[in-house]
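S.K.: I'd like to ask you about the structure that follows.
Every read-out reported here was derived from the displayed coordinates using simple, explicitly stated rules and does not represent laboratory data. The structure presented is a predicted model; accordingly, all values stated were derived computationally and were not measured. Methodologically, a virtual Cβ is constructed for each residue, glycine included, from the backbone with ideal geometry; neighbour enumeration extends over all protein chains shown.
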2 protein chains.
Amino acid sequence: MRIAQVAPLMERVPPRLYGGTERIVSYLTEALVDQGHAVTLFASGDSRTAASLVACSGEALRLDPAVIDIVPHMALMLERVRQRADEFDVLHFHIDCVQMPLLRELGSRAVTTLHGRLDLPDLQPFYREFSDVPLVSISMAQRAPMPPVNWIATVYHGLPDPGPPGAGDGGYLAFLGRISPEKRPDRAIEIARRSGMPLVMAAKVDKVDKDYFETVVEPLLDGDRIRFIGEVDEDQRLDFLGRARALLFPIDWPEPFGLVMIEAMSQGTPTIAFRKGSVPEVIDDGVSGFIVDDVDGAVDAVGRLPGMDRAAVRRRFDQRFTAARMAGDYLDIYGRLRLGQVSPRRVA
Amino acid sequence: MRIAQVAPLMERVPPRLYGGTERIVSYLTEALVDQGHAVTLFASGDSRTAASLVACSGEALRLDPAVIDIVPHMALMLERVRQRADEFDVLHFHIDCVQMPLLRELGSRAVTTLHGRLDLPDLQPFYREFSDVPLVSISMAQRAPMPPVNWIATVYHGLPDPGPPGAGDGGYLAFLGRISPEKRPDRAIEIARRSGMPLVMAAKVDKVDKDYFETVVEPLLDGDRIRFIGEVDEDQRLDFLGRARALLFPIDWPEPFGLVMIEAMSQGTPTIAFRKGSVPEVIDDGVSGFIVDDVDGAVDAVGRLPGMDRAAVRRRFDQRFTAARMAGDYLDIYGRLRLGQVSPRRVA
């Protein structure tokens, strides 16, 4: 199939640093190429792919200090897509909403995956207008705040071959990602303290969260049982997770997916996660982790970790969260689009 | 003629506060309505116009604290325009570049006025692609940093009836606008000091310029000969200018137009302006003001103010910078667009 993938320009594909959407676009693109499809990737010019790359900016916009206004770059990417739209059986957009007026004019076989949280009030009037365009969510929970729109599927994220699972031999609980109030690193520390387990926190601190880190998190560190090691590189993430006894995911926000949970799963490492957003859809309670409602529940779950079968955690990953499975799900959607089985419909 | 005007959504039309583009769109729209045309204004829902208003957001985005991401609002406006494009003889865009991929698909009779400075590197790759779309500049100087594009005209801004001119009886030199390094309020103070004239500065201080104001400007104020009176309301601007002996415009940046110069002119008040950006196109040296190259030249010009004929300054405004003249210039362009005399052309 001739498939166009349209990625955000903020990070390259795959991202040099943080960039969840760009990582997924990369995984999907490479899996589709592996499966023999003719894929064209519209992305920043420094992207790396086995697909045919259409460079829509010199480099990733977030890393280019000369970039002040991203709108001209987005509009230029749309034009590159427009000029070649007829060459593709399917166009798959990962850039939220800016393409939709143009798509109506093109009448393309197009689908859009929404990667972010959808509770921003800005989105409401927009999606009331565009209630007919085919959309894919990354969890069922992600859909909650949206007005009625044309959801045609949920496709969970998937990861490329993660290598052999880890052994959990580091003996620590892990916290991985970003330090911010809604990720609740303070809860992670409380859970570790009360269960007598060491905690290693590998996380980046954005400028906007510096105050929170310094006033709430830093005073709770002791450099021994509760350690903060800063941001880990992309290629150290899986090793860091594989050596952990469990990942703590004590979130307090409507997480749309939570990639780190399946990264841990790929290493055989169970996740102890709070019941919010996508968590009940991603974690199979008692198999790939524990879903809890409060810190008491999380401490109790830490006590049950010795009974967990790390091989079974990994098997669940292999069954549910590989990039090949994700690509298969999308190919099914692309096939329905080509056959006109996902015609745009207007929701009242 | 059936004309669509497409305004930015950041401020209402006309703006409640600062918003040069929205003011011009308002002046143009009302002048076209006055001349009997069927005008439809795409703008924020709180806009006020005698044209037919298509509300593309609840209120002006800059004033709505719930607005975090402006892209969905811009895309929704494009969709509103797309749905009704066939109803218009001409579409006139004032929103820079986001509409252009869609316009190529619509093949509309459309023209875009670029209102801002054009030296942002972000614009270069975009306009190399869109070298064929018809563009209007607001001064010849504004074009300098752009790659070769399809400029079809320069249309200078114009103002609606400004009432009778002022008498310059306040006896002060005026500085009006925004306090920022490139507007050089420090030069204005030096010019006033050296020429022994009082200076009244009516300006807003943006958050980003607070440091500059406090360290550079505030120490130079004396509350008597050099006074700062803060921001003046839209309806006090003309009175403030009309009572001044002259407006000082000692800029140090490539001003694309400089509306305040023609506001002063409308009140019979000459402008002493530095030779930058649009200044030599707007000021007729020796008639509506003086164009100078340095502070010495400006001090010398202050000495020549008693010889200026305020009625002649106003006549120059009436000849060159009314909203009716601006509307006439645009109607000429609209007519050429309808006749296909401004067909898009590709620049090599």
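S.K.: Using the 7 Å Cα-to-Cβ label point, sort the distances from A:Gly307 to its equivalents in the other copies shortest first and give them in nm to one decimal.
M.R.: 10.0
S.K.: GNM, chain A, Cα, under 10 Å: largest mean-square fluctuation among A:Met326, A:Met261, A:Met100?
M.R.: Per the Cα network of chain A with a 10 Å cutoff, A:Met100 tops the list.
S.K.: Using helices alone, what [θ] at 222 nm do you get for the protein assembly as shown, with -39,500 (n - 2.57) per DSSP H run of 4 or more residues, divided over all residues and rounded to the nearest 500?
M.R.: Value at 222 nm, helices only: -9500 deg cm²/dmol.
S.K.: Could you work out the relative contact order of chain A, using alpha carbon pairs under 8 angstrom and six or more residues apart, expressed as a whole percent?
M.R.: For chain A, the relative contact order is 16 percent.
S.K.: Give me the distance between the Cα centres of the stretch B:136-183 and the stretch A:273-348, rounded to whole Å.
M.R.: 59
S.K.: Using a simple charge model, +1 on the beta-carbon of Lys and Arg, -1 on the beta-carbon of Asp and Glu, nothing else, what dipole does the protein assembly as shown show about its Cα centre, in debye to the nearest 20?
M.R.: Here the size comes out at about 1220 debye.
S.K.: Taking square-rooted eigenvalues a ≥ b ≥ c of the alpha carbon gyration tensor, is the stretch B:112-221 rounded, prolate or oblate, where a/c under 1.5 means rounded and, failing that, a/b exceeding b/c means prolate?
M.R.: oblate
S.K.: Of B:Ser195, B:Tyr212, B:Ile251, whose Cα points farthest to the positive end of the dipole of the stretch B:191-306 (charges on the beta-carbon: +1 Lys, Arg; -1 Asp, Glu; origin at the Cα centre)?
M.R.: So the residue furthest toward the plus end is B:Ser195.
S.K.: Using the 7 Å Cα-to-Cβ label point, sort the distances from B:Glu87 to its equivalents in the other copies shortest first and give them in nm to one decimal.
M.R.: Result for B:Glu87, in nm, nearest copy first: 3.8.
S.K.: Could you tell me the distance between the Cα centroids of the stretch A:215-233 and the stretch B:43-74, to the nearest Å?
M.R.: 45
S.K.: Still on this structure: Out of B:Thr113, A:Ala110, B:Phe42, whose Cα points farthest toward the positive end of the dipole of the protein assembly as shown (charges: +1 Lys, Arg; -1 Asp, Glu; placed on Cβ)?
M.R.: A:Ala110
S.K.: Give me the dipole magnitude in Debye, nearest 20, for the stretch B:19-86 about the Cα centre, with unit charges on the beta carbon: positive for Lys and Arg, negative for Asp and Glu.
M.R.: About 100 debye.
S.K.: Please state the relative contact order of the stretch B:173-320 as a whole percent: Cα pairs under 8 Å, 6+ residues apart?
M.R.: Across the stretch B:173-320, relative contact order equals 23 percent.
S.K.: Here is a follow-up. Shortest first and in nm with one decimal, please list how far the A:Asp206 label point sits from its counterparts in the other copies (point 7 Å along Cα→Cβ).
M.R.: Listed shortest first, these distances are 2.3 nm.
S.K.: To continue, here is another question. For the stretch B:182-311, what does the alpha-carbon gyration tensor say about shape, rounded, prolate or oblate, given a ≥ b ≥ c as the root eigenvalues, a/c under 1.5 as rounded, and a/b over b/c as prolate?
M.R.: Rounded.
S.K.: Rounded, prolate or oblate for the stretch A:172-237? Axes are the square roots of the Cα gyration tensor eigenvalues, ordered a ≥ b ≥ c, and the cut-off for rounded is a/c under 1.5.
M.R.: Note, shape of the stretch A:172-237 comes out oblate.
S.K.: Still on this structure, I have one more. Among the lysines, select those whose C-alpha is under 24 Å from the C-alpha of A:Lys204, and discard any that sit fewer than 8 residues away in the same chain.
M.R.: A:Lys183, A:Lys276
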